[in-house]
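The values are calculated or read from the model by the stated rules, or taken from the named source; none is laboratory data. No experiment lies behind these values; they were computed from the predicted model shown. Note: ideal-geometry Cβ built from the backbone for every residue, glycine included; neighbour counts use all protein chains shown. Quick note on the areas: whole protein, heavy atoms, side chains included, nothing else; ligands and nucleic acids left out. Shrake-Rupley method; radii C 1.70, N 1.55, O 1.52, S 1.80 Å.
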Amino acid sequence: TLQAAELYNILPTELQPLRGGHFSQVFGFSRDRQEYILRISPPDEDISLRSMQSIQDWMSFLSAHGGSAAVPLPSKRGCLVEQLQEEGQSYIITAFEKARGILAEELPFDRWDDALFQSLGQVAGRMHAIARSYLPPQGLPRRPEWNRANNCYHYRGCLEGPSPLICMRREQAVQAVSGLHREPTAYGLIHGDLHCANFFVDAEHHRITLFDFDDCCYGWYAMDVAMSLFDMLVLYPGEDRTAFALCFLESYLKGYLPENPLDAFWIGQLPLFLKLLEVEIYVMLVNDYKPGDSGTWCDRFMANRAGRIEEDAPYIDIDFLGTYFKVSQPDR
């Protein structure tokens, strides 16, 4: 941390350890009354110096064009990404502004309301609209396609735990999504991991700020829509999931569609994206999953999951198109 702090003119004593991701060290620090995050990450098969430079460039472009994303902080050398060596190990260093509010997954569910769901949709829609005009600078790599990287829609790990029937359901889901056409109005740069652990919420001002773009990739914009609905249904503490899903999607689309109009066809494909998410996240978790506290995200998701996947039950059975037309054509 000493070398990393020096890169940003920070005293080591100013760094406050924060909860990080799966492998990163994360610290908070303050400068000129603004709070920042410093992240120290070892490279892996998906994150390298060059790929992180492309991620930070996209985040910088997004925030500069009106997107609600964490703003990268350049180092004292003016670099958005730094790399250092320590005891034979390489580390990638980034820093960015800390958004106001709290992590979305820590917000009590009774504080979520239609206005916040609409704000989430608005932020996602604006991000996708901005993405349409983004081109990586010459010399930086293009972000991968959704099925060429390890993410919630495409798990590249070992498949020892799932039953043969689940493996078959997985292949069916992959084929169904892969067969969709990639028209420019519906396919582009997406967040790829848009769940409640990856954005901050300022509930008082209905403000949402996205961060952790490590999985950003090229995919269908509806993938980010599906991820938000998927995650909210796991977190939802009530019993009437169908009624909640309808209310959430209606509010979300009220925010999303004015920013980035999507054809009804793509909202009609949400069940395919939800099914792919369900199967991929299941196979991602099943090898290491051990039932524990029923209040955790994993336990909520994994409960009866294998049976539902084997039965090919829809993740949620609602009128997706009816909700779309209710929002986009209220007088219809």
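Listed values, structure above:
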{"read-out": "In region 209-253, residue surrounded by the fewest Cβ atoms within 10 Å (Cβ to Cβ) [restricted to those that are among the acidic types (Asp, Glu) and under 20 Å from Arg142 (Cα atoms)]", "value": "Asp212"}
{"read-out": "So Val286, is it out of contact with any Ser or Thr (no Cβ under 9 Å at 6 or more places or on another chain), surrounded by 15 or more Cβ atoms within 10 Å (Cβ to Cβ), at pLDDT below 95 and of a type in the set (Val, Ile, Thr)", "value": "yes"}
{"read-out": "Residue in region 20-33 that is surrounded by 13 or more Cβ atoms within 10 Å (Cβ to Cβ), in a loop (DSSP other than H, G, I, E, B) and at pLDDT 90 or above present", "value": "no"}
{"read-out": "Number of the exception - Ala264 against (1) free of Cβ contacts under 8 Å to residues at least 24 places away in the same chain; (2) more than 24 Å from Met168 (Cβ to Cβ); (3) open to solvent by less than 40 Å² (accessible area, probe 1.4 Å)", "value": "(1)"}
{"read-out": "Flag if Tyr252 is modelled with pLDDT under 95 and of a type in the set (Phe, Trp, Tyr)", "value": "no"}
{"read-out": "Gly255, sole failed condition from (1) of a type outside the set (A, V, I, L, M, F, W, C); (2) closer than 16 Å to Arg126 by Cβ; (3) free of Cβ contacts under 8 Å to residues at least 40 places away in the same chain", "value": "(3)"}
{"read-out": "Qualifying position, being hydroxyl-bearing (Ser, Thr, Tyr), touching a helix residue (DSSP H, G or I) at 6+ places or on another chain (Cβ under 8 Å) and in a helix (DSSP H, G or I), among Tyr256, Tyr218, Tyr289", "value": "Tyr256"}
{"read-out": "Within region 24-47, tally of residues that are touching a residue at least 40 places away in the same chain (Cβ under 8 Å) and more than 17 Å from the chain's Cα centre (by Cα)", "value": "12"}
{"read-out": "Test result for Ile102, open to solvent by 50 Å² or more (accessible area, probe 1.4 Å), of a type in the set (Val, Ile, Thr) and under 30 Å from Tyr252 (Cα atoms)", "value": "yes"}
{"read-out": "Condition met for Cys216 (at pLDDT below 95 and within 30 Å of Pro43 (Cβ to Cβ))", "value": "no"}
{"read-out": "Sole residue being acidic (Asp, Glu) and part of a helix (DSSP H, G or I), chosen from Glu239, Glu183, Glu204", "value": "Glu204"}
{"read-out": "Test: residue in region 289-300 that is open to solvent by less than 20 Å² (accessible area, probe 1.4 Å) and under 27 Å from Ser119 (Cβ atoms)", "value": "no"}
